Amino acid sequence: MTLFRHLHDDAFLAFSRDHKHLYAACLLDLHERFFSGAPSFPTPQQVVHAIYDVMRANPVLWNEGDDLGSLPEMISAGRRRIRKADVALASEKGDKALGLARQLYARLLAWGWLEEEEYGLRVTVDMAMGPLLVIQRLASLNKDLSQRFGGLIVQIRLNLEAVEKLRPEITDRKQREAALAVREARNQADQFTKSLRAILADLKRVRRTVMESKTVATRLEAFFEEFVEQLLLKDFESILTVNHPYRFRDAIVDLARRISYTPETMQVLAEEYIASSMAADIEDGRMAAADDLLAIENIFDQIGEMFDRIEAFRRQLEARVRNTIKYAERGGQGLVGRAGDLVRRLDALLRDGRHHKATTEWSIEPLRSPWSEHHQAPARQPRRPVEARELAEPPSDPLYDLRKKLRLEYIARIAPRPEDVRRFLEGQVPPFATREARFMEIDTVDDFLAFDCARRYALTGEVPAQVAAGFELEPCPDTPPHDSEWLRCANFLVKRSGALRKARAAHAQ
């Protein structure tokens, strides 16, 4: 399969054997020591000694059957091994552990995680592209999983503000290169969405851990350690403070729309996309930039549902823990049980006569006998047969019905149907004619909504069959934009299609 074309067929054997944790620790250490940060080309001897250091630092991962005790420290120095320990006491153990380290190194070579290269008389060890990308992802999972994206939203807004200022007359390369920030802003928006999904998945994991706890003590411990310390104080602090994405969501959406509706800025974006080899020609660059801006707009338009889910999970988890504490206090080990034991001991002291004046007058509830004719259970009456009768209608709430009706009307109005768009275009475009969007008149909210739908049809090229049967919509980028009191957007062309003309001609005959 193409998914594993950059990996050796036996690469994942390292994580399926008895010493999988040892192999994982060795690969993470080698990645951190040699293959991340400054370029480094270690020798096989240095890699073997690095594996030896991992074995020495984690003896529980490999000496299940061989209790070698404490191993001597080893430092690579040319062709010699320098040991900072008593050679007479530790030589045999060190040699045995060093032999195991060589075996691990040979297996990592055989499984494709490492590869040797010869440069003249010198042999160095490197890691291929596929294993390097895999171990980078594993190393990121091994670190702190809390997401940090408070400044990410601010960076996206600043990038889009710099792009909005671009015009064709600007010739400074540093200013024009700001156009590439659109693609970076899209990648950052994707990263932001992944961060929200990571928090939501982590909430599910915390809830599962809390609910699987057997006792109240372990459940509360899991709640405070997993949720409060690891997730709430890190991730929630970054999204529920001044850097909350809702603070800049509308600004980012407006910036993306204004940029896409400004032909001059889109021209600069297309030129810079071509210069950076991200597009083949001007039209391809303009479409790529419009796609990036539309993706940013859609992401920030739809983050509300993700935040609602996160907040719902948080409330559910806190409610479950609160109920756990509430019902735990009603058990024998809770407050009620301890209070009952205290009352019984106080009664025993009163019975002994040691505290004859221990009672105090109080008025919380008057003392009365529990025996009364009103406290007797009523006599059982003969069971009456079931009678068939009409079900009562549910109580009607006029305010609820009105709100429901208004909400349905709003939903139907905010998303015009293709028939509504076609009816609007029929009123704007005369028969057998063509009209540009910049000359269309918008008088009502319904006209605005239908016009916006037509604009999206022209931009994406996805025209419903009901509209395509009578009209052809296509973008018109090299003309002045539509600019009215309702909105400012790129111009597009609407013309009557041939199918409608033929239908009208046949009807006339």
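The values are calculated or read from the model by the stated rules, or taken from the named source; none is laboratory data. The shown structure was predicted, so the numbers you read here are calculated from the model rather than taken from an experiment. Here Cβ is always computed from backbone atoms with ideal geometry, including for glycine, and neighbour counts include all displayed protein chains. SASA here: full protein model, heavy atoms, side chains in, ligands and nucleic acids out. Shrake-Rupley method; radii C 1.70, N 1.55, O 1.52, S 1.80 Å.
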Item to complete: Filter the chymotrypsin sites (Phe, Trp or Tyr not before Pro) in the stretch 417-506 to those in DSSP coil with at most 12 other Cβ atoms within 10 Å of their Cβ, and list the result.
Response: PHE432
Worksheet entry | Solvent exposure ordering (accessible area, 1.4 Å, most first) of LEU61, LEU200 | LEU61, LEU200
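For HIS49, HIS21, give the ranking by accessible area with the largest first, probe 1.4 Å.
Putting HIS49, HIS21 in descending order of accessible area: HIS21, HIS49.
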Worksheet entry | Sparsely packed GluC sites (Glu not before Pro) within the stretch 391-460, loop by DSSP, other Cβ within 10 Å at most 10 | GLU441
Discussion item. Run the simple label-point estimate for ASP478 and LYS404 please: 7 Å along Cα→C-beta, distance reported in nm.
Written reply: 5.7 nm
Practice prompt. Give the ranking of ARG107, ARG389, ARG176, ARG186 by solvent-accessible surface, highest area first, calculated with a 1.4 Å probe.
Written response: ARG389, ARG107, ARG186, ARG176
Worksheet, complete the sentence: Of every Cα-Cα pair in the stretch 1-48, the percentage lying beyond 16 Å is 55 percent
Worksheet item: Roughly how many Å² of MET127 are accessible to a 1.4 Å probe, to the nearest 10?
Response: 10 Å²
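Stretched out fully, how many nm does the piece from ARG197 to ARG167 gain, at 0.36 nm a residue minus the Cα gap?
7.1 nm
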Discussion item. So, taking all protein chains as they sit and a 1.4 Å probe, how much accessible area belongs to THR193, in Å² rounded to tens?
Written reply: 40 Å²
Worksheet item: Taking the Cα atoms of the stretch 413-458, what is the range of coordinates along each of the three principal axes, in descending order and whole Å?
Response: 29, 18, 17
Discussion item. Could you work out how much longer the chain between ALA38 and GLU318 gets when fully extended? Use 0.36 nm per residue separation minus the Cα distance between them, nm to one decimal.
Written reply: 96.2 nm
Worksheet item: Stretched out fully, how many nm does the piece from ALA275 to GLN136 gain, at 0.36 nm a residue minus the Cα gap?
Response: 46.9 nm
